[in-house]
Each structure stands twice: as C-alpha cells, then as structure tokens.
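The values are calculated or read from the model by the stated rules, or taken from the named source; none is laboratory data. Everything quoted here is computed from the prediction, not taken from an experiment. Cβ: placed from backbone, ideal geometry, glycine included. Neighbour counts: every protein chain shown. For the accessible areas, the whole protein counts, side chains as well, though only heavy atoms, and no ligand, DNA or RNA atoms are used. Shrake-Rupley method; radii C 1.70, N 1.55, O 1.52, S 1.80 Å.
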Amino acid sequence: MRPRGGGALSEALLRTEGLTRHFRVGKLTSRQTLHAVDDVDLTIGRGEIVALVGESGSGKSTIARLLALVHRPTRGEIWFEDRPLSRLRGRRSRLAYSAAVPMVFQDPYSSINPAYRVSHGIVRGMKLHRGDLSRTGRGAELNRVLDAVGLVPAGETRRRFPYELSGGQRQRVGFAQALALRPKLIVADEPVSMLDVSIRVGVLNLMGELREQEGVSFLYITHDVASARYLADRILVMYAGHLVEEGPTEDVLQRPKHPYTQLLVSAVPDPRAELGLADARDVGEPPKVVDPKPGCRFRQRCPLAVAECETVTPQLRELGDGRRVACHVAS
Amino acid sequence: MSASSIGATDQLATPPIGPKPLVAEVGGGRLGDIWRAISRNRKAVAGLLLLLVFVVVSIFPGQIAPDDPTAQTYPPALGPSWHHLLGTTSLRQDIFSQLIFGTRLSLVIALAVGAIATVLAVLIGVSAAYLGGIADGILSLVTDVILVLPIFPLIIVITAYRKNSGLFMLIIVLGVLGWSYGARQLRSQALSLRTREFLESARVRGERRLYVILFEILPTMTSLIVATFLGSALYAVLAAAGLQFIGLGDPNSQSWGTMLYWAQSNEALFAGMPWWALAPGICLALLGAAFALLNYAFDEISSPALRVRKLERSRIPGRLPSPADTTPAVAPDRSVLKVEGLSVAYATDAGPVVAVDNVDLDVGRGEFLAIVGESGCGKSTLLYAIARLLGAPLPGEIIGGRVLFQGQDLVLLEERELRRVRWRDLSVVMQSAMNALNPVLTVAEQMRDACRAHSKMSKAEIEERSREVLRLVSIDPVHLHSYPHQLSGGMRQRAMIAMALLFTPDLVIMDEPTSALDVVAQRSLMVQIKELQERLGFAVIFVTHDMSLVSHFSDRLLVMYAGQVAELSSTRELFDRPRHPYSQGLLEAFPSIRGPKVRLLGIPGSPPDLAHPPAGCRFAPRCAHVQPRCTEGEVPLSTVNGSVVRCVLAEEGH
Ligand SMILES: Nc1ncnc2c1ncn2[C@@H]1O[C@H](COP(=O)(O)OP(=O)(O)OP(=O)(O)O)[C@@H](O)[C@H]1O
Ligand code: SF4
Ligand code: SF4
Ligand SMILES: [Mg+2]
C-alpha cells in the first residue's frame, strides 16, 4: 500500500469547505433543525483511499449523498478538480460530474434492480455518460469492467439476474457499474457491511486493486475501523456531524488523540488482544443534533471534558504530520 | 405467539438469498418460467381455462349459438328442451342463444374497465409515492375519498343522469371510479420501493424522473399491476351486471346483465322461465370466479411465501431418524440443553432443502455457547428449531432428532405444553429488536402481556418485576412507558433482553442481538450480557457471524458450515488452534486493528446451495487442503483433544 499524507491542495482531487447539511424535522408547528453534517473540511487526493468512520447517525452517509449530488449543501462548497460544484450549470455538466464521482451502495440486495439482468445498470450508465461508445464498444466495455471486478466469465455473468448472484457478487456488480463510467473517485458507502465475513476481504482487496490498476480514488465509508485500517491511507473520524479527527490511518488508530476516537478504537473486538474494559460503561448513545448549542458534542460522554467544552465548539487543529483533531484538551 | 416469535416471522420470510422473485422473470421476458409457474398452479390453470372458454364463445358466438338472439319467433316461455336448451323468454327469444351472444359484451366491459382502472391506478398510485410531499398528500386524499364513497349509489346517479349515452358511459364511469383500491396498493408498494437503493442508484447515475418511474419502478411492480387489473376486472363484472340489472347502461344491448334486467322485469322466475335469470347469473359468477382465481393464483406465484409447499420427505437423501422413532431420555444433570441429531428441512420449489443437518450439541448450566457461521449456514434455523418456533406460520420442519430440555424432548411437545416452557425457562432474543417489539405497544404493555400469558402475577407484581428487569439491563425505568421507536437501537436491544429475563430462565437463546449496533454500544451490551449471565446463572446460546465479537465472552464456540457442525471447541482453543480449514479461513478473514498489517485472502468462492450440497465434505470446493478422500463420502466428526472437527485432516493436527 502507498500511504499518502494529506498533500498540498493542488494535489487534491476533491475537497470540501465548511460543508454543512441541515434537515428540517418535527411537525409544522414545532419546526426543528437537525444538523446532519456541520462545517466539514475534507480533502481526497488523486489515487488516494480515504476512510470515513463514525457511528450510525454521525453523518457519514449524508456526506456521501452530498458528494453524489443527491442533497444540496445547506452551506459550504465542494470543489472538484478545483471547480466549485455550486457553479455547475445544466444537465450536461452535472452528468459529467456524476460520471467522475459515482457511488456504490451498502445493501447488495437492494442496490440492483431485480427486474433486469446484471448488464442493465452498467449499460445504462454508458448510454448516459459515454455517448461516444458504439453498441459494440459498449459490449466490449461491459466485458472489461465485469472482468476487472472479478465477475468472470463476463460473457456469462452479464446475462444473469441479480437473484442468481451471491451478495459478494452483487456488490461487485455495483463496482462494475461505477467503473464503466471511467470514474475518478468512487464513493463507497458501507460496501462490505452486509457481506459475509469470508467474502468481505475479497471486496476490500478489489477496491485496493482498482486503485492500483485504474488509479481511482475512494472515499470508503464504514463503521468497521479494522477494515478502514486494512484499506485506507488516511482516516477521517466523524462524531455527531463534526469531523473530530483526521490523519494517516496507522497513526490515528495506534495513537488516537480525540477521546471519541480512543473510545471507538478500544471498543473494536480483537481476539488477539485483551478485552478493553476501562470504558465499557459507555453505552454508546450518540446525541441527537437538533438545534445544538455551541460546545463540544462529545462532552456528555467525555472523560476529559473541561469547562470550556460546555461553551466553545472545538475546531480542527493541526498537530503536525498531517494530523488534525478537534478537541480543547487533546494534543 | 409471543412477541419474540413475531420477529422470527419477519426474518425467515426474507431469507438472504430467497426464492427467485417472479418480477425478475417478467422484467427479463422469461416467459418460459412464467408459463411453467402458471401451469403448475391449479388455481391459475382453472382460471385460465374458464376465461378461455368465455373468450372463445365471445369471439365466435354465431358459430356456437343455434339461433339469432334477437329473433322473436318462438313460442313464449317454453321450458328447456332439445330445441331450446334453456327454454325461451316471454318475449319469444331463445335463452341459450342470448346467453352466448351476451358473453362478448360482458367480457368487453370487464376487460375495458380493468384496463382503464389499472392505468389510472398505476399513474396515480406510483406518482403519489414517487413525488411524495404535497402531491402525495393530495393524491392519497382523493384515493381515500373515492375508496370510502358509496360507489354504487354514485354510479347509479351518474349513469342514470346520462342514461342514453349507454355502454360507453358505463365503462368510463366504472373505470374512473374503480381505480382507488389498486392505487392504494400500488402506492404502498412503490413507497416501499422508494427506499430501495437501486432507485437511488439510478438517480445518482443521472437518470431523469420519468425514466426512473417507467423503467426502474414499473418493471419491478409487474405482479401487482397484473393483480390490480384482475381485481378491477372482477369488480367490473359484478358492478356492470348490477347496474344493468336495474336497467342502466342501454338495456337493449346484448349482455348477461341486460338479460337479468329483462328476466326480472318479466318476472321470469315465477313465470316458469327460471333459466332466463339463472343462466346469466351463473355465467356472471363463473366469469367473476375466473378473474378471482387468476388474481389469487398470481398472488401466490409472485409471492412465494403464500405458496403452500409440502415437504417431500422421500426426496431427502440419507437416513435421518424421524421424530416418532425416538424415545425421550432424561438429560444429564449438568447440561440444560442437549440436542441430538437435529435436522430441519424447508420445502422449496427445488425440492427439500436440509438447512440443519444432524446437529449435536449440549449446553451446560450457566454456559455461554456461541454459534458462528455465514448467512444461510443454518444458524437461525437451528435456533428456531431448538425453541420450536418453526412450523406455521414459519416454514421449515424438524425432520429428525431430539431437543432435550429439563428432561423432556421439546420436539414431541404440544404447543400448549411448549408455552409453559418458553419464556419461563427458555427465552429467545431475536435479531432485530425493531421487528420483534410491537411498535404500537409501550414497553410496559408488552411486558404485561408476556407476564399475563405465562404466569398469574398480579398487576402490582408485574409492574414491580418490569422495573426490576429494566434496571438489570441499565435502562432507567422511566422508559417503561416509552414506545419502541422512542428508544435508541441499543436501548431496544436491552429492552428485548429485559423481557427475556422476566422469569429468570435457565437458557436464553440470542440471534445476533448486537448486529444492528455500533461497536461502542455493541461492546457495552456484550459486557452486560456476560455480567447478567454470571449473576443470574442462566446459560446462553449466542448466534453471530462475527467470531471476534464473542472471543472474550463465550466458553465454547460452534462453527457451522452449510447446515452442519464444522468444529466445536473451547473458544480459546479455537482461536489459538483452529483445526477445520473453514475456521482457519474465518480467522484469517478479519483485518486486525492492532496486529501486523498483512494482506488477507478471505475464503474464495461462496457457500454451497443447500438444495444441492456438494458430495463429501461440503467445504471441499473452497478448501485449500482438499484431497481425493474428502469428496469420496460423508466426512464424519472426529474428536481431537476435546475438540470436535469435521475434517479428514483433523487428526494430523491441522
Ligand atoms: N422460508 C424459507 N424457505 C426456504 N429456504 C429458507 C427459508 N428460510 C431460510 N431458508 C434457507 O435455509 C438456510 C439457512 O437459513 P438461516 O436463516 O437459518 O441462515 P443464517 O445462518 O441464520 O443466516 P443469516 O446470518 O443471514 O441470518 C439458507 O439456505 C436459507 O436460504
Ligand atoms: S473538546 Fe472537551 S469534551 Fe470535547 S472531546 Fe475534547 S475534552 Fe472532550
Ligand atoms: S475434509 Fe478435506 S475438503 Fe473438507 S475441510 Fe477437511 S481438508 Fe478441506
Ligand atoms: Mg440469521
């Protein structure tokens, strides 16, 4: 693996600035605002695999949907190849971006239309985004991407229906759909969490290979910290809509700075290590971020909290070596 | 049924790789498969034949009917005879010929109304679901209003008002008022599709809305659309006949409904011409029955869960003992549960599938036994079989073996006797608490129901006990009066466990109770389960697909593969010296968070289709150590240093 630090901005393929997304919740009379993602700055370099980890509800999938143009940001900007997405005008340029940044979904049992053969989604993608391809060109490309994701023999698998495939094979179809668009960055939202243990590694390895062979970057969203360590160059940790820590994967996981990252890492079951019971009393209740007041969102659970944490929202600070942490106490 | 077994229904109804859905075949144009499905379904065949008869008659009435139906040339009010099979009317017409010629119009009304109603239902139902928000609100309101309107009087008023416009008007009115039921169903199915990721995938791909509705949503709803058509055709047959019977919609046209009208106005039944009224009535009933049969058959074909399959025991290979030949034995004192040779089969289209094959296991008092394996390896089925939760409404049948619990064989117990055991002495915690808890009852109400069903506790005692068990699992008793959706995922799982502990059972069976939780919540729940177990002394059977989760908690570990025991040993031993190549593969499939970073390989291939398990060792197709003797015959279990292993290499210390 080739670890890459968070390089200079010119190297960035995609970056976000103050990315924020709120949702209106509650009844008409008592409108409230749910802060799903607040003020997130992140960068993804060319050919880099970045893992985004955090508990469910922390805003990981909202970030994926913002990058995939499913949601519009409430505030903030996404820059792709140094162009701001808010200035994307017209269907044509939106389509071009969608092809460069496709998404792979979590549930292999619902992410492929059961009414069509495996080839359907892949061919549709090419029809929409690669008008230059002729019919035979599409056929050849279809075989190439099925080959690339290990669905061999391609000539046979392309005629299968989803129900004839196992979960791991379906997930590979998802990657083939993305690959057919000649992507630069694949946003993979929990792509292995619903797969069996024995085939998970296969899909993780596939992402590694696609990066090596096709030069694709990945945003790998997961709650499985160990798989993030296995695959990613850099890791971003989210808590309650905020990015709380980031840095090279190995550094962050071996020497976590933020108290939440520490809790998260210690809770990962590891048969090769002692059971970490020190903070097992934490029952893992994340806060609901509805109309939040300033202050650290982790403070109710934090063993290190100080007075400042009640009133001042910690911002990401540089710690050197590409590491950043949002905490008043950590250093 | 207890709350926990409701959860069981939800899970087994959607097996990981389920029976193939019909929609796939429809969408792919695999007409051969549909045809096969139809020809195997008796209701479908009967309905089709019936419909075919009517279609033929309606196309060739002239060739079939002996006379001109309008000719008024016969003696009036004759009884049935060779000449006039059903007699004649008081208007001097041949009843049989009228019946034959009336078929066409009756059928046309049914099909035309069916088509109009279906198109409207699809348009309105699917748009409402897909557009959501205000559009959905308005469309649904209209649908519901039409659904509760007294349609029949309304139709009468409308058709009576435009009496002279006749048949065409009748069809339009029936079609326009008949879509609401279908629309409601289509809307709810489309709504459930809306959260399916393939739609999001299409949108992210950049597809336009119309494409998504027409080419992504509709093809997956073919079965419901066909069902809507058949349903509204049935409604049209009855409604049109009713209207014509009271003289609306052109009484001079040739149809069964108008025959009824004339028969009625000439008092046919009392004037010796019973067939004038009876014959069209019977035909209407038959045509309605044809649509109803097809509708029902289509439902069955498209949702395999409705199909009643019989387990063909004779097609199950091997010599499995049937439950009847086993005599109950007393379990030895030290174990709470002893399972011997337990086998469970599902009836599927491909024949019987043995999902649990000859499993032996025992659980000691206060022991924590973990069962691990991939999806579809039969873990859940084994649990359901032990708790005797299989059988209607859940599919699956125990085809052999014994489950000895407290000295009795649960397999032989009646449902009534089981109720005394379940929950009091043996309780079950299901995979998804959201499915297993009743969403419309508070935690307190669900606990009260459980206590009432299984004991004679007083109201005060129940309240007291409920608080006590909630405190046991670290939930503040203020949540007693919360509904499940008001609790977080972790709290719901805890509440489920609290309910399982209401009677301090000897054995608690848990199916992936933590798989929906985040790691932090997961660890805290595991620690809690372990503490409770040590404090209260119950035994646990804990099913999971994640070996590392139980590494610090279980005493022994049972690895299942393709319905069989692959390895059973003490947890430490299994992690340190896995003997079965599958256990080794599983251990090497987990990236570690601390150890050295090495490239992992996982296990190549995927688990076998249990309808056609490979001969010999079931793991052979994926095993790196496979050799000829592995596939020659069944590989028996062997015991090596206290571990039980199903592998020919076991003795060589692999
Ligand atoms: N209703 C059913 N009809 C037919 N086969 C079924 C049914 N339910 C389950 N099966 C089959 O029985 C086998 C065992 O299923 P089971 O649900 O017990 O597996 P599992 O190990 O619990 O999987 P998971 O981890 O996904 O829950 C599978 O091959 C499955 O497809
Ligand atoms: S800012 Fe304060 S409360 Fe937040 S993590 Fe740091 S120490 Fe804890
Ligand atoms: S019996 Fe043979 S094929 Fe089966 S696990 Fe052992 S070595 Fe592998
Ligand atoms: Mg299961």
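Numbers for the structure displayed
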quantity: Every residue from the stretch A:233-262 that is in contact with a Cys (Cβ under 9 Å, 6 or more places away or on another chain) and among the hydrophobic types (A, V, I, L, M, F, W, C); calculated: A:244
quantity: Residue match in the stretch A:258-272 (condition: more than 13 Å from chain B (Cβ to nearest Cβ), away from ligand 3 (no atom under 16 Å from the Cβ) and touching a residue at least 60 places away in the same chain (Cβ under 8 Å)); calculated: yes
quantity: Residue that is least open to solvent (accessible area, probe 1.4 Å), among those in the stretch A:301-312 that are within 8 Å of ligand 2 (Cβ to nearest atom), more than 14 Å from chain B (Cβ to nearest Cβ) and not aliphatic (A, V, I, L, M); calculated: A:309
quantity: Residue in the stretch B:166-177 that is at pLDDT 85 or above and open to solvent by 20 Å² or more (accessible area, probe 1.4 Å) present; calculated: no
quantity: Residue match in the stretch B:593-607 (condition: within 16 Å of ligand 4 (Cβ to nearest atom) and closer than 24 Å to residue B:380 by Cβ); calculated: yes
quantity: Single condition residue A:41 does not satisfy, out of (1) open to solvent by less than 20 Å² (accessible area, probe 1.4 Å); (2) part of a strand (DSSP E or B); calculated: (1)
quantity: Matching helices (runs of 4 or more DSSP H) fully within the stretch A:214-324 where at least 3 residues are within 15 Å of the chain's Cα centre (by Cα); calculated: A:225-231
quantity: Hits in the stretch B:349-374 (condition: surrounded by fewer than 19 Cβ atoms within 10 Å (Cβ to Cβ) and farther than 23 Å from residue B:505 by Cβ); calculated: B:349, B:350, B:351
quantity: Contacts under 6 angstrom Cβ, first residue in the stretch A:187-200 being in a loop (DSSP other than H, G, I, E, B), partner open to solvent by 20 Å² or more (accessible area, probe 1.4 Å), 6 or more apart; calculated: A:190/A:106; A:192/A:200; A:194/A:107; A:196/B:375
quantity: Residue that is buried (at least 17 other Cβ atoms within 10 Å of the Cβ), touching a Leu at 6+ places or on another chain (Cβ under 6 Å), modelled with pLDDT of 90 or more and not charged (D, E, K, R), where the choices are A:231, A:316; calculated: A:231
quantity: Members of the stretch A:185-227 that are over 19 Å from residue B:601 (Cβ atoms) and of a type in the set (Gly, Ala, Ser); calculated: A:188, A:193, A:215, A:217
quantity: Test set (1) under 30 Å from residue A:147 (Cα atoms); (2) open to solvent by 10 Å² or more (accessible area, probe 1.4 Å) - residue A:269 fails condition number; calculated: (1)
quantity: Subset tally (residues that are within 12 Å of chain B (Cβ to nearest Cβ) and surrounded by fewer than 17 Cβ atoms within 10 Å (Cβ to Cβ)) for the stretch A:286-300; calculated: 2
quantity: Selection count, the stretch A:209-228, where residues are open to solvent by 10 Å² or more (accessible area, probe 1.4 Å) and either modelled with pLDDT of 95 or more or more than 9 Å from chain B (Cβ to nearest Cβ) (or both); calculated: 5
quantity: Residue list for the stretch B:508-536, restricted to those being open to solvent by less than 10 Å² (accessible area, probe 1.4 Å) and acidic (Asp, Glu); calculated: B:511
quantity: Given (1) within 10 Å of another protein chain (Cβ to nearest Cβ); (2) out of contact with any Phe, Trp or Tyr (no Cβ under 8 Å at 6 or more places or on another chain); (3) more than 25 Å from residue B:465 (Cα to Cα); (4) open to solvent by less than 20 Å² (accessible area, probe 1.4 Å), number of the condition residue B:550 does not satisfy; calculated: (2)
quantity: Helices (runs of 4 or more DSSP H) lying entirely in the stretch B:113-220 (those with 1 or more residues that are over 30 Å from residue A:174 (Cβ atoms) and within 14 Å of chain A (Cβ to nearest Cβ)); calculated: B:133-148
quantity: Residue B:633 farther than 30 Å from residue B:429 by Cα, in contact (Cβ under 8 Å) with a residue 12 or more places away in the chain and within 11 Å of another protein chain (Cβ to nearest Cβ); calculated: no
quantity: Positions within the stretch B:500-525 being in contact with a helix residue (DSSP H, G or I) (Cβ under 7 Å, 6 or more places away or on another chain) and aliphatic (A, V, I, L, M), in sequence order; calculated: B:501, B:502, B:508, B:509, B:516, B:517, B:519, B:520, B:521, B:525
quantity: Count - residues of the stretch B:463-516 that are away from ligand 4 (no atom under 16 Å from the Cβ) and in a loop (DSSP other than H, G, I, E, B); calculated: 14
quantity: Residues being crowded, with 23+ Cβ neighbours inside 10 Å and within 28 Å of the chain's Cα centre (by Cα) - total across the stretch B:469-490; calculated: 1
quantity: Subset of the stretch B:598-630 [within 8 Å of ligand 3 (Cβ to nearest atom) and over 25 Å from residue B:348 (Cβ atoms)]; calculated: B:623, B:624, B:625, B:626, B:627, B:629, B:630
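Conditions (1) within 16 Å of ligand 2 (Cβ to nearest atom); (2) without any contact (Cβ under 8 Å) to a residue 60 or more places away in the chain; (3) away from chain A (no Cβ under 14 Å), marked per residue:
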residue: B:505; (1), (2), (3): no, no, yes
residue: B:510; (1), (2), (3): no, no, yes
residue: B:521; (1), (2), (3): no, yes, no
residue: B:528; (1), (2), (3): no, yes, no
residue: B:538; (1), (2), (3): no, no, yes
residue: B:566; (1), (2), (3): no, no, no
residue: B:583; (1), (2), (3): no, yes, no
residue: B:603; (1), (2), (3): no, yes, no
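Yes or no, residue by residue, for (1) within 16 Å of ligand 1 (Cβ to nearest atom); (2) under 19 Å from residue B:579 (Cβ atoms); (3) touching a Gly at 6+ places or on another chain (Cβ under 6 Å):
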{"residue": "B:608", "(1), (2), (3)": "yes, no, no"}
{"residue": "B:612", "(1), (2), (3)": "yes, no, no"}
{"residue": "B:617", "(1), (2), (3)": "no, yes, no"}
{"residue": "B:620", "(1), (2), (3)": "no, yes, no"}
{"residue": "B:628", "(1), (2), (3)": "no, no, no"}
{"residue": "B:637", "(1), (2), (3)": "no, yes, no"}
{"residue": "B:640", "(1), (2), (3)": "no, yes, no"}
